[in-house]
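Structure first, commentary second.
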Amino acid sequence: MGGAQTLSVLDLPDSLHLKVFMSLLLQSVRCVSLTCSRLRRIALDQQLWKTMFQRDFKVPESVPLSPQASSWRAEYRRLYDESPAVLCEEVLQHKDEVLNVTFSHNGEMFATCSKDGTVKVWNARTPCTLRFTADMKARFQWRYTRSSQFNKSGTLLLVVGVLDFGLHLNGEVAVFDLEQDFRLVSRSLNAPNDWYSAWYDDCHILTGTLCRANNLESTSAVWLTKASRAVTSERKYATINPFRFKNCSSGHVRMMIVADVTMVTDESQSASVEESTIPTESGMDSFLADSTEKPAEYDGEFSYDSIGATGCAHHSVHSTQDITASLPKHNGTSDILSSRAKKLLIFTLSKEAYDAHIVGIKQMTEEEIRREEEAIEGLQWPVTEDGLLPRTNRDIGGSGCVSEVDYTFNMHGQIIGMALSPDQRYLYVNCRRWLVEDEDEEEMNTPPLSQEIDIHVFDLLTFTKIDTVLRSHKASFSNAAFIYLNVNDLFVVSGAEDSQGYMWDRHYGVHVRCFPHDNVVSSCAFNPVDPEMLVTASDDNKIKIWRSRRQMREMYEKKYI
C-alpha cells in the first residue's frame, strides 16, 4: 500500500478559494494575490469584490452597482482609496470657534469664518497658506463672522456676520474683491441677525430684512443688491425688492440659497458624474497590489472602523415621518418646474414653531425682476458714510405686493442646514425632527427635538421628496446650531454636534466614514475640482484638511509631507 497522498492549498478548486477569499479583509486579499498568478486571478473575481463591497460598506444586496461604475472592484477603490479619508493638515490660526468653510468654484481657494470676528481666505494647495484676512470685529464692530460664499467667477467673496449693538444684534453683509487685495466693495444690512444671504448671480446678492407693520403682522423682504458699488459715492439705486413674504406669527425667512434651474433638465441623473471621477479597471492592479508597508500616518491596516465610525449606525433609511408638501398652482405654475423660471429662491419659514421648519420655494423669472427694476428706476436715496443702504418700505420703492410661495415642504422638525447638488437639481436638508408636535400654534413653542439629524433629499425638477434619508450624525443640544452640509457628484458630507464630520455615498445611500474633531463640527466642504480633498471646521478652533489615501501616497513619494 502506498503512502497517503499529500495535497497543497493550490490543489483546492477555485470555487473553494473564492469562498475563503470572501472571508478575508482587504489587506489579506492584497497579500494573497501577490503569491502566484492563479490566486491573483481569483482575487480579481467580480463576485468577490461585490461581496466585500457590500460587507465592508454595509450596502444592502438590493442596491445595484452604480450606472457610472465599471465594476465592483472599481467602486471599492473609489470609496476606500479615492475619497477623503486621511488627515493631511491641521490648521490652528483662528482664536475662537470656526463656524463655516466654503470653497471657490475653481477649487483654488477656501474661506473660513469664526467667532473671533475674522474671515480668512486660504490657498487650497498643500500645504495650505493664508491668502487674505479681514478682522470685522475690530473694523466694523461685528460680533463674529457667520458664513461666506464665493461668486461663480471667484472674483468676489460674500461674508455674512452679526453686528454688535450691545443688547441689540443685527446682521450685516460685506463683499470683498479677491482681485484687488481683498478690498471691501460693499456693505448691506441683513436683519435680523439670523438671516443668511446668498449670491443671485455673479454680480448681485440677495439680502433680507424683517418689516413689521405691528406686533402681530410682518413680512420678510428679500432684496436684490448690486455686490460691488462705490461705498460712499454711489447714489443711483443699487437695490430692488423683488419679493415680500408674509410671516406667520413671530417667524420669518432665515436661510436662503439660489438654484440655477437652467442647469436642470429632464436628462439630469441623481448623480451627474464626470467620467474622470469614476475609477475604471485601468490602474486597478496597483490598488490590489499596493504594498502593506506604508507609513502609518497615512495608511493603515484595513478594518471596519477605518471605513465607518466606531459605535455609529451605518445606514440609510426610508422616511418614517410625513414630509408634508404643499403645491399651490397659481400664475400658470404646475407641479413641475415652470419653463419660465430661471432661478429658484429656496428659503426656510416658520409657522407651527418659532424655529425654521418649512422649506419654501419661489420660482424667479426674468419678468418679475424686470418689473421691480422698472418700478424703482431712477430712484435715489442718500447713502450713509459707512456705505449702508436703507432697508424699509418707506425708503425703497417697488411694487409692495406680498409674494406667494410657490412650493412648501413642512419638515416637522428644525431645519439646521441646506445644500444643493452640483447640477442644481437636488436639495439636501439637515433636519432634527420633532419628537412631539405642539398642537397650540399660538404659543409658537419649539417641540422637543430628536438627537438624530436626518438628511432629506428633494428633486427640484419635480418638487418631490426622495425616499432615502441619510442618517448617522447626532445633535447634543436642545436647540441645535446651524450645521453646514456639502454635496459633490459622489458624496454628501455634514458636520454634527458629536465632534465628528460624516460622509455618505450618494448612490448607495450608506455612511462611508467619519472625520473626528475635539468639539462640534459646524461645517464641511469638498473641493469642487478635487473630490479627494475635504476641509472640516470645528468649535475646537481648528481647520482640518483631509485627503484620499491615494493622494497621500503620491505626496509621500514626492516628499510633499
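A few points about this structure:
- The slack between residue 410 and residue 152, meaning 0.36 nm per residue of separation minus the straight C-alpha distance, is 89.8 nm.
- In this simple spin-label approximation, residue 89 and residue 35 carry label points 7 Å from Cα along the Cα→Cβ vector, and these lie 4.4 nm apart.
- The gain in end-to-end length when the residue 20 to residue 529 segment is fully stretched comes to 179.2 nm, 0.36 nm per residue minus the alpha carbon separation.
- Distance (nanometres) between label positions extended 7 Å along Cα→Cβ at residue 555 and residue 436: 5.0
- Pairwise Cα distances in the range 481-561 exceed 14 Å for 62 percent of all pairs.
Values quoted throughout were computed directly from the atomic coordinates according to the rules given, and no laboratory measurement underlies them. No experiment lies behind these values; they were computed from the predicted model shown. Please note: Cβ atoms are built from the backbone with ideal geometry, for glycine as well, and neighbour counts cover all protein chains shown.
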